[in-house]
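Undergrad: Have a look at this one before I ask anything.
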Amino acid sequence: MKKLAWIGALFGLVAACAADPAGTTTGNDELNENKALGMTDVTILYPRPNGKEYFDDMLGPSSEGDTMGELLPASIFAQLAPIKAPPMQGADGKDTDPNRPLFADWKDSFPNLRVVGIRLDPCFGEATNLAAPDCLNTIRLVAQFFQPQTNLTTPDGRVGIHLFYKLSRADFTALAKQMLALRKTTGLPLQKGMIEPKTNGVNPTLAAENMRGPYSQALKDLILKYVGEKSLTRIAFCVEDRGPPVGYYNPGQTVDSRWVFGGFDYANGRLQPLPISTLNYSGLQTVDTASRQAGVDPVIVKPSIAITDTILPALNQRMDQTKVEAAQKASYKLQNPTDYTTKTSDCASCHMAKMIAQEHGPDDLDFKSYTFRSDHTHDGVAPFRMFGYDSSGNPVISRRVVNETIVVLDYLNKVVLQ
(Lines give C-alpha, C1' and ligand atoms only; values in the text may rest on other atoms or scores of the structure.)
Protein backbone atom coordinates (compact mmCIF):
# COMPACT_ATOMS: atom_id res chain seq x y z
CA MET A 1 0.00 0.00 0.00
CA LYS A 2 1.12 3.55 -0.60
CA LYS A 3 1.49 5.93 2.28
CA LEU A 4 0.65 9.60 2.35
CA ALA A 5 1.98 11.86 5.06
CA TRP A 6 -0.58 14.46 6.10
CA ILE A 7 -1.20 15.83 9.53
CA GLY A 8 -4.20 16.42 11.96
CA ALA A 9 -5.20 18.91 14.69
CA LEU A 10 -3.87 19.11 18.23
CA PHE A 11 -6.88 18.84 20.50
CA GLY A 12 -5.94 21.80 22.64
CA LEU A 13 -6.45 24.00 19.55
CA VAL A 14 -9.22 22.10 17.81
CA ALA A 15 -11.65 24.99 18.19
CA ALA A 16 -9.20 27.34 16.52
CA CYS A 17 -8.56 24.75 13.84
CA ALA A 18 -12.25 24.50 13.07
CA ALA A 19 -12.38 28.25 12.59
CA ASP A 20 -9.32 28.20 10.36
CA PRO A 21 -10.04 26.83 6.86
CA ALA A 22 -6.47 25.63 6.61
CA GLY A 23 -6.76 23.60 9.80
CA THR A 24 -3.35 24.95 10.82
CA THR A 25 -2.25 24.26 14.38
CA THR A 26 0.76 24.84 16.57
CA GLY A 27 1.94 22.79 19.47
CA ASN A 28 4.58 20.71 21.12
CA ASP A 29 5.44 17.42 19.43
CA GLU A 30 6.70 15.82 22.61
CA LEU A 31 4.72 13.05 24.28
CA ASN A 32 5.67 11.21 27.43
CA GLU A 33 5.37 7.59 26.32
CA ASN A 34 4.59 6.46 29.86
CA LYS A 35 1.60 8.78 30.05
CA ALA A 36 0.23 8.94 26.49
CA LEU A 37 -1.71 6.73 24.13
CA GLY A 38 -0.65 6.18 20.53
CA MET A 39 -2.45 5.64 17.24
CA THR A 40 -2.71 1.86 17.54
CA ASP A 41 -4.00 2.03 21.12
CA VAL A 42 -7.37 3.57 20.22
CA THR A 43 -7.84 2.37 16.63
CA ILE A 44 -6.98 -1.32 16.49
CA LEU A 45 -7.04 -3.47 13.36
CA TYR A 46 -6.83 -7.19 14.03
CA PRO A 47 -4.73 -9.47 11.81
CA ARG A 48 -6.53 -11.99 9.64
CA PRO A 49 -6.38 -15.54 11.06
CA ASN A 50 -3.53 -17.63 9.64
CA GLY A 51 -5.82 -20.62 9.24
CA LYS A 52 -9.30 -21.88 9.99
CA GLU A 53 -8.09 -23.24 13.32
CA TYR A 54 -7.50 -19.66 14.50
CA PHE A 55 -10.86 -18.27 13.36
CA ASP A 56 -12.61 -18.75 16.69
CA ASP A 57 -9.84 -16.91 18.52
CA MET A 58 -11.45 -13.73 17.15
CA LEU A 59 -14.27 -11.89 18.87
CA GLY A 60 -17.59 -13.03 17.44
CA PRO A 61 -21.30 -12.42 17.99
CA SER A 62 -21.52 -14.89 20.89
CA SER A 63 -18.40 -13.61 22.67
CA GLU A 64 -19.22 -12.29 26.13
CA GLY A 65 -17.66 -11.27 29.39
CA ASP A 66 -19.03 -11.78 32.87
CA THR A 67 -21.76 -9.15 32.97
CA MET A 68 -22.62 -7.46 29.64
CA GLY A 69 -24.06 -10.33 27.57
CA GLU A 70 -23.23 -11.44 24.04
CA LEU A 71 -21.77 -8.93 21.60
CA LEU A 72 -24.54 -9.43 19.06
CA PRO A 73 -27.25 -11.94 19.96
CA ALA A 74 -28.66 -13.88 17.01
CA SER A 75 -32.09 -12.41 17.77
CA ILE A 76 -30.79 -8.95 16.84
CA PHE A 77 -29.22 -10.09 13.58
CA ALA A 78 -32.52 -11.81 12.82
CA GLN A 79 -34.06 -8.32 12.75
CA LEU A 80 -31.43 -7.10 10.25
CA ALA A 81 -31.44 -10.08 7.91
CA PRO A 82 -34.94 -9.58 6.40
CA ILE A 83 -34.61 -5.83 5.76
CA LYS A 84 -35.91 -5.21 2.25
CA ALA A 85 -33.36 -4.00 -0.30
CA PRO A 86 -34.28 -0.49 -1.48
CA PRO A 87 -34.97 0.22 -5.16
CA MET A 88 -32.13 0.09 -7.67
CA GLN A 89 -31.92 2.48 -10.61
CA GLY A 90 -32.18 1.17 -14.15
CA ALA A 91 -30.61 2.39 -17.40
CA ASP A 92 -33.24 5.12 -17.58
CA GLY A 93 -32.60 6.19 -14.00
CA LYS A 94 -35.99 4.98 -12.82
CA ASP A 95 -36.45 2.83 -9.74
CA THR A 96 -36.62 -0.94 -10.07
CA ASP A 97 -37.45 -3.27 -7.19
CA PRO A 98 -34.74 -5.93 -6.59
CA ASN A 99 -37.38 -7.91 -4.71
CA ARG A 100 -34.98 -9.44 -2.23
CA PRO A 101 -33.69 -8.82 1.29
CA LEU A 102 -30.66 -6.57 1.56
CA PHE A 103 -28.66 -9.27 3.36
CA ALA A 104 -29.84 -12.09 1.07
CA ASP A 105 -26.27 -13.16 0.23
CA TRP A 106 -25.39 -13.38 3.94
CA LYS A 107 -28.61 -14.71 5.50
CA ASP A 108 -26.81 -17.91 6.53
CA SER A 109 -23.43 -16.30 7.28
CA PHE A 110 -24.01 -15.16 10.86
CA PRO A 111 -21.65 -17.87 12.27
CA ASN A 112 -18.91 -16.43 10.03
CA LEU A 113 -19.15 -12.89 11.42
CA ARG A 114 -16.08 -11.72 13.35
CA VAL A 115 -14.69 -8.47 14.76
CA VAL A 116 -11.81 -7.12 12.66
CA GLY A 117 -11.35 -3.77 14.37
CA ILE A 118 -11.88 -1.68 17.50
CA ARG A 119 -12.27 2.09 17.71
CA LEU A 120 -12.50 4.10 20.93
CA ASP A 121 -14.33 7.44 20.84
CA PRO A 122 -15.03 9.68 23.86
CA CYS A 123 -17.59 11.80 21.98
CA PHE A 124 -19.09 10.06 18.95
CA GLY A 125 -19.86 12.38 16.05
CA GLU A 126 -17.92 15.34 17.48
CA ALA A 127 -14.49 16.80 16.84
CA THR A 128 -14.64 19.63 19.38
CA ASN A 129 -15.71 19.93 23.02
CA LEU A 130 -15.06 16.24 23.64
CA ALA A 131 -15.48 16.82 27.37
CA ALA A 132 -19.13 17.89 27.04
CA PRO A 133 -21.41 16.12 29.55
CA ASP A 134 -23.79 14.97 26.78
CA CYS A 135 -21.02 13.21 24.81
CA LEU A 136 -21.71 9.63 23.72
CA ASN A 137 -18.68 7.63 24.89
CA THR A 138 -18.36 4.56 22.69
CA ILE A 139 -16.45 1.44 21.88
CA ARG A 140 -17.06 0.66 18.22
CA LEU A 141 -16.49 -2.90 17.03
CA VAL A 142 -16.16 -3.32 13.27
CA ALA A 143 -17.27 -6.75 12.06
CA GLN A 144 -17.17 -8.53 8.71
CA PHE A 145 -18.34 -11.87 7.40
CA PHE A 146 -15.47 -14.21 6.50
CA GLN A 147 -15.50 -16.15 3.24
CA PRO A 148 -15.83 -19.95 3.61
CA GLN A 149 -13.95 -20.52 0.33
CA THR A 150 -10.84 -19.00 1.96
CA ASN A 151 -11.07 -21.35 4.96
CA LEU A 152 -12.38 -18.38 6.95
CA THR A 153 -9.12 -16.44 6.60
CA THR A 154 -10.35 -13.56 4.41
CA PRO A 155 -13.25 -11.18 5.11
CA ASP A 156 -15.94 -10.37 2.58
CA GLY A 157 -15.29 -6.75 1.65
CA ARG A 158 -18.85 -6.24 0.47
CA VAL A 159 -20.26 -5.87 3.99
CA GLY A 160 -19.24 -4.00 7.10
CA ILE A 161 -21.27 -4.02 10.32
CA HIS A 162 -20.42 -1.48 13.03
CA LEU A 163 -21.53 -2.17 16.58
CA PHE A 164 -21.57 0.78 19.00
CA TYR A 165 -21.48 0.25 22.76
CA LYS A 166 -22.18 3.09 25.18
CA LEU A 167 -19.95 3.72 28.20
CA SER A 168 -20.17 6.21 31.03
CA ARG A 169 -17.49 8.89 31.08
CA ALA A 170 -16.02 7.29 34.20
CA ASP A 171 -15.81 3.91 32.47
CA PHE A 172 -14.31 5.43 29.33
CA THR A 173 -11.67 7.21 31.40
CA ALA A 174 -10.85 3.94 33.14
CA LEU A 175 -10.68 2.17 29.77
CA ALA A 176 -8.24 4.75 28.39
CA LYS A 177 -5.94 4.26 31.37
CA GLN A 178 -6.20 0.48 31.08
CA MET A 179 -5.31 0.64 27.37
CA LEU A 180 -2.21 2.65 28.25
CA ALA A 181 -1.20 0.16 30.93
CA LEU A 182 -1.79 -2.71 28.51
CA ARG A 183 0.48 -1.27 25.85
CA LYS A 184 3.22 -0.61 28.39
CA THR A 185 3.23 -4.30 29.35
CA THR A 186 4.18 -5.18 25.75
CA GLY A 187 7.20 -2.88 25.56
CA LEU A 188 5.84 -1.43 22.31
CA PRO A 189 6.86 2.23 21.87
CA LEU A 190 4.09 4.77 21.49
CA GLN A 191 3.00 4.65 17.84
CA LYS A 192 2.69 8.06 16.18
CA GLY A 193 1.53 6.56 12.87
CA MET A 194 -0.97 3.93 11.87
CA ILE A 195 0.65 2.42 8.78
CA GLU A 196 4.02 0.65 8.91
CA PRO A 197 5.58 -1.46 6.12
CA LYS A 198 5.57 -4.74 8.05
CA THR A 199 2.00 -4.52 9.39
CA ASN A 200 0.27 -2.17 6.93
CA GLY A 201 -2.13 -0.94 9.57
CA VAL A 202 -2.57 -4.09 11.65
CA ASN A 203 -1.87 -3.49 15.34
CA PRO A 204 1.87 -4.27 15.64
CA THR A 205 1.61 -6.32 18.84
CA LEU A 206 -1.28 -8.38 17.48
CA ALA A 207 0.65 -8.86 14.24
CA ALA A 208 3.68 -10.18 16.18
CA GLU A 209 1.76 -12.37 18.66
CA ASN A 210 -1.23 -13.23 16.45
CA MET A 211 -4.47 -14.11 18.19
CA ARG A 212 -3.23 -16.32 21.01
CA GLY A 213 -0.64 -14.09 22.62
CA PRO A 214 -0.92 -12.39 26.01
CA TYR A 215 -1.77 -8.97 24.56
CA SER A 216 -4.58 -10.39 22.42
CA GLN A 217 -6.13 -12.19 25.36
CA ALA A 218 -5.78 -9.22 27.71
CA LEU A 219 -7.30 -6.92 25.09
CA LYS A 220 -10.23 -9.28 24.60
CA ASP A 221 -10.86 -9.49 28.35
CA LEU A 222 -10.69 -5.73 28.69
CA ILE A 223 -13.09 -4.99 25.84
CA LEU A 224 -15.57 -7.63 26.98
CA LYS A 225 -15.68 -5.93 30.37
CA TYR A 226 -17.56 -3.06 28.72
CA VAL A 227 -19.33 -4.38 25.62
CA GLY A 228 -22.30 -6.67 25.15
CA GLU A 229 -26.02 -6.47 24.57
CA LYS A 230 -26.51 -4.46 27.77
CA SER A 231 -24.37 -1.61 26.42
CA LEU A 232 -25.22 -1.99 22.69
CA THR A 233 -26.73 1.29 21.55
CA ARG A 234 -26.41 1.42 17.75
CA ILE A 235 -25.74 -0.70 14.67
CA ALA A 236 -24.63 0.73 11.32
CA PHE A 237 -23.77 -1.06 8.10
CA CYS A 238 -22.67 -0.72 4.50
CA VAL A 239 -23.60 -3.42 1.98
CA GLU A 240 -22.72 -3.93 -1.67
CA ASP A 241 -25.69 -5.91 -2.92
CA ARG A 242 -24.83 -5.70 -6.63
CA GLY A 243 -21.48 -5.82 -8.35
CA PRO A 244 -18.06 -7.49 -8.12
CA PRO A 245 -16.27 -7.88 -4.76
CA VAL A 246 -13.20 -5.96 -6.01
CA GLY A 247 -12.65 -3.23 -8.59
CA TYR A 248 -16.20 -2.03 -8.13
CA TYR A 249 -15.85 1.74 -8.38
CA ASN A 250 -13.63 4.52 -9.63
CA PRO A 251 -14.58 8.07 -10.64
CA GLY A 252 -15.16 8.30 -14.38
CA GLN A 253 -15.78 4.54 -14.66
CA THR A 254 -19.13 2.82 -14.68
CA VAL A 255 -18.45 -0.59 -13.19
CA ASP A 256 -21.91 -1.86 -12.33
CA SER A 257 -22.43 -1.77 -8.54
CA ARG A 258 -24.79 -0.66 -5.80
CA TRP A 259 -23.95 0.22 -2.18
CA VAL A 260 -26.46 0.67 0.64
CA PHE A 261 -25.86 2.51 3.93
CA GLY A 262 -28.03 2.42 7.02
CA GLY A 263 -28.16 2.50 10.79
CA PHE A 264 -30.39 1.58 13.71
CA ASP A 265 -30.63 2.54 17.33
CA TYR A 266 -30.96 -0.43 19.66
CA ALA A 267 -32.92 -0.49 22.90
CA ASN A 268 -35.10 -2.98 24.74
CA GLY A 269 -34.52 -5.72 22.23
CA ARG A 270 -35.64 -3.72 19.19
CA LEU A 271 -33.97 -1.90 16.30
CA GLN A 272 -35.24 1.54 15.27
CA PRO A 273 -34.11 3.18 11.99
CA LEU A 274 -31.75 6.11 12.44
CA PRO A 275 -32.12 9.39 10.55
CA ILE A 276 -29.41 10.07 7.97
CA SER A 277 -27.64 13.31 8.83
CA THR A 278 -28.54 16.37 6.72
CA LEU A 279 -31.31 14.55 4.80
CA ASN A 280 -34.32 14.89 7.14
CA TYR A 281 -34.93 11.22 6.44
CA SER A 282 -34.78 7.94 8.35
CA GLY A 283 -33.92 4.82 6.40
CA LEU A 284 -31.34 3.68 3.86
CA GLN A 285 -29.15 5.69 1.48
CA THR A 286 -27.93 4.13 -1.79
CA VAL A 287 -25.20 4.74 -4.36
CA ASP A 288 -26.07 3.07 -7.69
CA THR A 289 -23.44 3.06 -10.44
CA ALA A 290 -24.14 1.75 -13.95
CA SER A 291 -23.93 2.56 -17.66
CA ARG A 292 -27.10 4.50 -18.41
CA GLN A 293 -28.95 6.17 -21.23
CA ALA A 294 -27.71 9.49 -22.60
CA GLY A 295 -28.50 12.31 -20.23
CA VAL A 296 -28.83 10.05 -17.17
CA ASP A 297 -26.13 10.22 -14.52
CA PRO A 298 -24.10 7.00 -14.20
CA VAL A 299 -23.84 7.51 -10.42
CA ILE A 300 -27.18 8.06 -8.68
CA VAL A 301 -27.32 8.75 -4.94
CA LYS A 302 -30.71 8.37 -3.22
CA PRO A 303 -31.69 10.31 -1.20
CA SER A 304 -29.38 12.74 -2.96
CA ILE A 305 -26.56 14.65 -1.28
CA ALA A 306 -27.86 17.85 0.30
CA ILE A 307 -24.78 19.49 1.85
CA THR A 308 -23.22 22.53 0.17
CA ASP A 309 -19.88 20.77 -0.31
CA THR A 310 -21.24 18.19 -2.74
CA ILE A 311 -19.02 15.64 -4.48
CA LEU A 312 -21.65 14.75 -7.11
CA PRO A 313 -20.07 16.77 -9.98
CA ALA A 314 -16.89 14.69 -9.64
CA LEU A 315 -18.88 11.45 -9.66
CA ASN A 316 -20.73 12.38 -12.85
CA GLN A 317 -18.06 14.12 -14.87
CA ARG A 318 -20.23 15.60 -17.57
CA MET A 319 -20.55 18.95 -15.81
CA ASP A 320 -18.24 21.92 -16.14
CA GLN A 321 -14.69 21.72 -14.84
CA THR A 322 -15.23 24.44 -12.26
CA LYS A 323 -17.84 22.30 -10.50
CA VAL A 324 -15.61 19.23 -10.70
CA GLU A 325 -12.74 21.12 -9.08
CA ALA A 326 -15.08 22.38 -6.37
CA ALA A 327 -16.19 18.79 -5.74
CA GLN A 328 -12.55 17.75 -5.35
CA LYS A 329 -12.06 20.45 -2.73
CA ALA A 330 -15.26 19.30 -1.07
CA SER A 331 -13.78 15.80 -0.75
CA TYR A 332 -10.83 17.23 1.21
CA LYS A 333 -13.20 18.90 3.66
CA LEU A 334 -15.33 15.78 4.01
CA GLN A 335 -12.26 13.88 5.20
CA ASN A 336 -11.40 16.58 7.73
CA PRO A 337 -13.34 16.00 11.00
CA THR A 338 -12.99 19.67 11.94
CA ASP A 339 -15.14 20.45 8.88
CA TYR A 340 -17.53 17.50 8.77
CA THR A 341 -18.54 14.80 11.23
CA THR A 342 -21.06 11.97 11.09
CA LYS A 343 -23.59 14.49 12.40
CA THR A 344 -23.07 16.97 9.57
CA SER A 345 -22.56 14.73 6.52
CA ASP A 346 -24.66 12.03 4.90
CA CYS A 347 -23.35 8.45 4.60
CA ALA A 348 -22.56 8.53 0.88
CA SER A 349 -20.57 11.76 1.05
CA CYS A 350 -18.48 10.53 3.95
CA HIS A 351 -17.73 7.12 2.44
CA MET A 352 -17.15 8.24 -1.15
CA ALA A 353 -14.99 11.30 -0.48
CA LYS A 354 -11.72 9.35 -0.52
CA MET A 355 -12.37 8.27 -4.12
CA ILE A 356 -12.74 11.75 -5.59
CA ALA A 357 -9.11 12.94 -5.53
CA GLN A 358 -7.10 9.86 -4.66
CA GLU A 359 -3.70 10.42 -3.06
CA HIS A 360 -3.96 14.15 -3.70
CA GLY A 361 -1.04 16.39 -2.78
CA PRO A 362 -1.01 18.54 0.35
CA ASP A 363 -3.78 21.12 0.45
CA ASP A 364 -4.74 23.91 2.84
CA LEU A 365 -8.05 22.14 3.47
CA ASP A 366 -6.35 18.96 4.73
CA PHE A 367 -6.42 17.99 8.38
CA LYS A 368 -3.06 18.66 10.03
CA SER A 369 -1.15 17.62 13.13
CA TYR A 370 2.28 18.36 14.55
CA THR A 371 2.09 15.35 16.84
CA PHE A 372 0.98 12.33 14.82
CA ARG A 373 1.63 11.03 11.32
CA SER A 374 -1.40 10.77 9.11
CA ASP A 375 -0.32 7.75 7.07
CA HIS A 376 -3.24 5.80 5.64
CA THR A 377 -3.86 3.00 3.17
CA HIS A 378 -4.18 3.97 -0.48
CA ASP A 379 -7.38 5.88 -1.25
CA GLY A 380 -8.17 3.54 -4.12
CA VAL A 381 -8.20 0.37 -2.03
CA ALA A 382 -11.71 -0.84 -1.20
CA PRO A 383 -13.86 2.09 -2.32
CA PHE A 384 -16.62 2.91 0.17
CA ARG A 385 -14.79 1.01 2.95
CA MET A 386 -13.21 3.08 5.70
CA PHE A 387 -11.80 0.54 8.16
CA GLY A 388 -11.35 -3.22 7.92
CA TYR A 389 -10.44 -5.40 4.94
CA ASP A 390 -11.31 -5.67 1.27
CA SER A 391 -12.30 -8.98 -0.31
CA SER A 392 -8.69 -9.72 -1.23
CA GLY A 393 -7.59 -9.44 2.40
CA ASN A 394 -5.93 -6.02 2.09
CA PRO A 395 -6.15 -3.80 5.20
CA VAL A 396 -8.16 -0.61 4.83
CA ILE A 397 -7.62 2.39 7.11
CA SER A 398 -8.81 5.56 5.41
CA ARG A 399 -7.43 9.03 6.00
CA ARG A 400 -10.79 9.97 7.56
CA VAL A 401 -10.36 7.22 10.18
CA VAL A 402 -6.78 8.33 10.85
CA ASN A 403 -7.86 11.96 11.23
CA GLU A 404 -10.58 11.03 13.69
CA THR A 405 -8.08 8.93 15.63
CA ILE A 406 -5.80 11.95 16.00
CA VAL A 407 -8.68 14.06 17.36
CA VAL A 408 -9.42 11.36 19.94
CA LEU A 409 -5.76 11.08 20.97
CA ASP A 410 -5.27 14.79 21.35
CA TYR A 411 -8.16 14.89 23.79
CA LEU A 412 -7.26 11.76 25.73
CA ASN A 413 -3.59 12.62 26.09
CA LYS A 414 -4.04 16.27 26.98
CA VAL A 415 -7.14 16.02 29.15
CA VAL A 416 -8.02 12.53 30.33
CA LEU A 417 -4.56 11.12 30.99
CA GLN A 418 -3.03 14.20 32.58
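Undergrad: Determine, yes or no, whether A15 is assigned to a helix (DSSP H, G or I), modelled with pLDDT of 95 or more and not aromatic (F, W, Y).
TA: Judged against the criteria, A15 is not a match.
Undergrad: On the given criteria, is D108 under 30 Å from Y54 (Cβ atoms), assigned to a loop (DSSP other than H, G, I, E, B) and free of Cβ contacts under 8 Å to residues at least 24 places away in the same chain?
TA: yes
Undergrad: Specify the residue that is nearest to Y332 (Cα to Cα); the eligible residues are those in segment 374-394 that are of a type in the set (S, T, N, Q) and touching a strand residue (DSSP E or B) at 6+ places or on another chain (Cβ under 8 Å).
TA: T377
Undergrad: Does N203 qualify as being over 18 Å from S391 (Cα atoms) and touching a strand residue (DSSP E or B) at 6+ places or on another chain (Cβ under 6 Å)?
TA: Spelling it out, N203 is indeed over 18 Å from S391 (Cα atoms) and touching a strand residue (DSSP E or B) at 6+ places or on another chain (Cβ under 6 Å).
Undergrad: Taking the condition on the phi > 0 side of the Ramachandran plot and surrounded by 18 or more Cβ atoms within 10 Å (Cβ to Cβ), does G228 pass?
TA: So G228 fits the description; yes.
Undergrad: Report, by residue number, each residue of segment 155-181 that is part of a strand (DSSP E or B) and among the hydrophobic types (A, V, I, L, M, F, W, C).
TA: V159, I161, L163, F164, L167
Undergrad: To continue, here is another question. Count, please, the residues in segment 265-279 that happen to be in contact (Cβ under 8 Å) with a residue 24 or more places away in the chain and either closer than 28 Å to P244 by Cβ or outside any strand (DSSP E or B) (or both).
TA: Final tally of qualifying residues: 6.
Undergrad: Within segment 129-139, is even one residue surrounded by fewer than 22 Cβ atoms within 10 Å (Cβ to Cβ), at pLDDT below 95 and either on the phi > 0 side of the Ramachandran plot or not in a loop (DSSP other than H, G, I, E, B) (or both)?
TA: yes
Undergrad: Quick check, is L152 assigned to a loop (DSSP other than H, G, I, E, B) and crowded, with 22+ Cβ neighbours inside 10 Å?
TA: It is true that L152 is assigned to a loop (DSSP other than H, G, I, E, B) and crowded, with 22+ Cβ neighbours inside 10 Å.
Undergrad: Looking for something of a type in the set (D, E) and modelled with pLDDT under 95 - is there at least one such residue anywhere in segment 376-398?
TA: yes
Undergrad: Something else: Can you report the number of residues in segment 57-105 which are in contact with a Leu (Cβ under 6 Å, 6 or more places away or on another chain) and part of a helix (DSSP H, G or I)?
TA: So the count comes out to 1.
Undergrad: Are any of the residues in segment 85-100 farther than 19 Å from I223 by Cβ and within 21 Å of the chain's Cα centre (by Cα)?
TA: Within segment 85-100, not a single residue is farther than 19 Å from I223 by Cβ and within 21 Å of the chain's Cα centre (by Cα).
Undergrad: Do the conditions hold for E229, that is, is it at pLDDT below 95 and of a type in the set (D, E, K, R)?
TA: Spelling it out, it is not the case that E229 is at pLDDT below 95 and of a type in the set (D, E, K, R).
Results for (1) in contact with a Ser or Thr (Cβ under 8 Å, 6 or more places away or on another chain); (2) not aliphatic (A, V, I, L, M), shown as yes or no for each residue.
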| site | (1), (2) |
| --- | --- |
| A267 | yes, no |
| P275 | yes, yes |
| T278 | yes, yes |
| L284 | no, no |
| T289 | yes, yes |
| D297 | no, yes |
| N316 | no, yes |
| A327 | yes, no |
| Q335 | yes, yes |
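Undergrad: State the number of residues belonging to segment 71-99 that are farther than 30 Å from R292 by Cβ, surrounded by 12 or more Cβ atoms within 10 Å (Cβ to Cβ) and touching a helix residue (DSSP H, G or I) at 6+ places or on another chain (Cβ under 9 Å).
TA: The total comes to 5.
Undergrad: In this structure, does D297 turn out to be in a loop (DSSP other than H, G, I, E, B), touching a residue at least 24 places away in the same chain (Cβ under 8 Å) and more than 20 Å from the chain's Cα centre (by Cα)?
TA: So D297 fits the description; yes.
Undergrad: Related question: State the number of residues belonging to segment 222-242 that are in a helix (DSSP H, G or I) and in contact with a Gly (Cβ under 7 Å, 6 or more places away or on another chain).
TA: Count: 1.
Undergrad: Surrounded by fewer than 20 Cβ atoms within 10 Å (Cβ to Cβ), out of contact with any Ser or Thr (no Cβ under 6 Å at 6 or more places or on another chain) and part of a loop (DSSP other than H, G, I, E, B): is that true of K184 in this structure?
TA: No; evaluated as a whole, the condition is false for this residue.
Undergrad: Follow-up. Within segment 346-387, can you find the residues that are out of contact with any helix residue (DSSP H, G or I) (no Cβ under 6 Å at 6 or more places or on another chain), among the small types (G, A, S) and surrounded by fewer than 24 Cβ atoms within 10 Å (Cβ to Cβ)?
TA: The answer is G361, G380.
The values are calculated or read from the model by the stated rules, or taken from the named source; none is laboratory data. Please read all numbers here as calculations on a predicted model, not as lab measurements. FYI the Cβ positions are ideal-geometry reconstructions off the backbone, even for glycines, and counts take in every protein chain you see.
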